[in-house]
Amino acid sequence: MFSTKRNIVITGFMGTGKTSVGRELARRLGRKFVDMDEVLVKRLGTSIGEVFRQHGEGLFRRQEARLVAELGRQKGLVIATGGGTVLLPENRQDLSRNGELICLESAPEVVIRRLEVPGDRPLILEGKPRERIYRLLELRRGSYAMVPRHIDTSHLTVYQVVERILSHLGLDEYRILVHHGEVGYQVFVEQGILANLRQRLPYVIPSSRCVIVTNPTVKRLWGKTLCQALKGEDLACEFITIPDGERHKNLTTVGRIYDHLVRLKAERNTCLVSFGGGVVSDLVGFAASTYMRGVPVLHIPTTLLAQGDAAIGGKTGFDHPLSKNLIGTFHHPVAVFADPLVLRTLPLRHIRNGLAEFIRSALIGSEDLLSEIERNKKKLLAKEPKALESVIRKCARIKAEIVSRDPYEKGLRRKLNLGHTIGHALETMGEYRTLLHGEAVGIGLVVALRLAVRRAMCDPALAERVVSLLKSLGLPTELPKSDEEKLWNVLLLDKKTKNGRPTFVLPRKVGEVETVEGLTRHEVIETLKELKGGKR
Ligand SMILES: NC(=O)c1ccc[n+]([C@@H]2O[C@H](COP(=O)([O-])OP(=O)(O)OC[C@H]3O[C@@H](n4cnc5c(N)ncnc54)[C@H](O)[C@@H]3O)[C@@H](O)[C@H]2O)c1
Ligand SMILES: [Zn+2]
């Protein structure tokens, strides 16, 4: 597999898209981008055209070779070369030592069209540009052919070229992307990414100022690491602290965030950064979507649940005393940085809590994830970073794929509500103090499976399998002491309830769920009674 340390070197003739592709690729991978021509212009203090005119091509090529040698010694970069850089075998050699070369090529007519936009291109300034381009292309063809990988960009968008490069390099595993509309963002799941944030942050956040919102627990445990990671960067960072816990996921806390933002004179391009669990990312996402009608937000989730789920997908909001997550917006982040190493300090109850939500995702999307959780139970509960990283990545990918197909929950995305109809009702009934979100969802999964079995939609064996997995992870599978009538009434306040009848997502088998509307009072209450009686 392609090592994350190796450079990716984008080369090719002028007008093939090296710079735009390189820049986008770097952004997507969270790497540093180096545009060689840009560096050289800075170093030489004048345009390339001017250097050619005053000193001849020789001086430029010597400086270029020096830069190539320097870059060849660095790691983890995306480099866009100049059009002539790889003509010299020594340059090709230097760049390939620690890098993978990719040559972009385009049909001459396309190149000519793209070059109609004025630019600093001394080699085609004189004479008839069309003829010069054909001649240069002819001259260089042999050298470009020495580069092992080629992509024809004639009919591709920058985005499509980047996709191809990633798949050429076998980087699919690291490509967790969420698309919404014409844009998208990347979810990075990587051990140690928090400490290395400095290198990544400037490539994803659109401003030089950020306001980090966190709670006292996360700040005490990881605030210093974050501050250290950001230090020295050309970036102003301020902290806002909000109270910890689901019971503070309300309008009062949102108000506090606004107050701080006003006091700090946060501007339209100030980036809000959520640093904490799902409560923090939901609240900060909401504040970001409404403050000044919307400012960018970046999520750095620090719980298992938030890393694999809550921080991805752009749903924001807070609870109403009578209904969970009742008020909210859609506001997609600019990126998500999930570092499994921060889970070291997460209490075991919250690891279990996250795993319940992951089992929900597995039931919707992947047998592979479900069996991995079963197989690696012990390692996961022991917080082994590698085991955690793998399930987070799989879970994040399921969420990202579903969200990308339906970013604003018009249809398909509703299936993520599996286990949540009952889950939310239970959370509300406990006034957001008794059960954690994932725990409530775990019980909700059991109810959904039981309802599906009752309707003969699903094999009872699947229900048994999930109950036994939840139990072995130490998660609750039975209803807490509760009144079914009361629970039914809370269900009616659910956002998906229609004409006084709740909507449930019910599983058919792993990877196949269905939204079922209009469940009857009788079937729901009977199922709840069964569960309370401890019957599985
Ligand atoms: N927007 C969405 O799509 C979405 C999806 C799922 C869940 N959610 C929401 O997420 C919330 C649940 O998130 P959660 O489970 O992360 O809860 P949480 O945010 O309350 O965090 C759990 C606890 O862990 C602490 N904590 C966080 N990181 C820690 C660390 N590294 N070490 C030690 N302690 C740490 C927190 O301070 C908190 O006390 C719910 O409100 C739920 O509605 C939202
Ligand atoms: Zn959830």
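The values are calculated or read from the model by the stated rules, or taken from the named source; none is laboratory data. Worth saying up front: this structure is predicted, and the values here are computed from it rather than measured. Quick reminder, even Gly has a Cβ in these numbers, built from the backbone with ideal geometry, and neighbours come from all protein chains shown. Ligands, DNA and RNA are stripped out before the accessible areas are found, and what is left, the full protein with its side chains, is counted by its heavy atoms. Shrake-Rupley method; radii C 1.70, N 1.55, O 1.52, S 1.80 Å.
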| note | How many residues of region 372-392 are open to solvent by 20 Å² or more (accessible area, probe 1.4 Å) and either out of contact with any Ser or Thr (no Cβ under 7 Å at 6 or more places or on another chain) or within 12 Å of ligand 1 (Cβ to nearest atom) (or both)? The answer is 13
| query | If you take the residues of region 9-43 that are among the small types (Gly, Ala, Ser) and assigned to a helix (DSSP H, G or I), which of them is most open to solvent (accessible area, probe 1.4 Å)? | reply | SER20
| query | Has region 321-337 got any residue that is within 16 Å of ligand 2 (Cβ to nearest atom), closer than 23 Å to GLU464 by Cβ and hydrophobic (A, V, I, L, M, F, W, C)? | reply | no
| Long-range neighbours under 6 Å by Cβ, at least six apart or interchain, first residue at negative phi within region 135-150, second aliphatic (A, V, I, L, M) and open to solvent by less than 60 Å² (accessible area, probe 1.4 Å) | SER143/LEU87; VAL147/LEU101; ARG149/ILE102
| request: Only residues that are among the hydrophobic types (A, V, I, L, M, F, W, C), more than 23 Å from ILE443 (Cβ to Cβ) and either touching an Asp or Glu at 6+ places or on another chain (Cβ under 6 Å) or away from ligand 2 (no atom under 16 Å from the Cβ) (or both): list them for region 300-320, please. | output: ILE300
| ARG360 versus (1) part of a helix (DSSP H, G or I); (2) charged (D, E, K, R); (3) modelled with pLDDT under 95: which is the lone unmet condition? | (3)
| task | Spot the failing condition for GLU431; the list is (1) in contact with a Pro (Cβ under 7 Å, 6 or more places away or on another chain); (2) on the phi > 0 side of the Ramachandran plot, and only one is missed. | result | (1)
| query | Is there a residue being open to solvent by 50 Å² or more (accessible area, probe 1.4 Å), under 21 Å from VAL403 (Cβ atoms) and either within 16 Å of ligand 2 (Cβ to nearest atom) or not polar (S, T, N, Q) (or both) anywhere in region 270-277? | reply | no
| task | Name the single residue, out of those in region 341-372 being within 16 Å of ligand 2 (Cβ to nearest atom) and of a type in the set (A, V, I, L, M), that is nearest to GLU439 (Cα to Cα). | result | ALA356
| request: Would you tally the residues in region 283-338 being of a type outside the set (A, V, I, L, M, F, W, C), over 17 Å from ARG397 (Cα atoms), surrounded by fewer than 24 Cβ atoms within 10 Å (Cβ to Cβ) and near ligand 1 (Cβ under 9 Å from one of its atoms)? | output: 3
| field | Test: GLY56 is out of contact with any helix residue (DSSP H, G or I) (no Cβ under 9 Å at 6 or more places or on another chain), at pLDDT below 90 and not basic (Lys, Arg) | value | yes
| Restricting region 407-420 to residues that are open to solvent by 10 Å² or more (accessible area, probe 1.4 Å) and away from ligand 2 (no atom under 11 Å from the Cβ), the residue that is modelled with the highest pLDDT | LYS415
| request: Kindly check whether there is at least one residue in region 77-98 that is farther than 30 Å from PHE188 by Cα, assigned to a helix (DSSP H, G or I) and either basic (Lys, Arg) or touching a Cys at 6+ places or on another chain (Cβ under 9 Å) (or both). | output: yes
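Could you tell me whether any residue of region 478-489 is among the aliphatic types (A, V, I, L, M), within 14 Å of GLU530 (Cβ to Cβ) and more than 30 Å from the chain's Cα centre (by Cα)? Spell out the reasoning first.
Here is the first cut: in region 478-489, the residues among the aliphatic types (A, V, I, L, M) are 479, 487.
Still in the running and within 14 Å of GLU530 (Cβ to Cβ): 479, 487.
Pick out the ones that are also more than 30 Å from the chain's Cα centre (by Cα) and you get 479, 487.
Checking region 478-489: at least one residue is among the aliphatic types (A, V, I, L, M), within 14 Å of GLU530 (Cβ to Cβ) and more than 30 Å from the chain's Cα centre (by Cα).
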| message | On the basis of being closer than 28 Å to PRO347 by Cβ, part of a strand (DSSP E or B) and open to solvent by less than 60 Å² (accessible area, probe 1.4 Å), does VAL187 make the cut? | response | yes
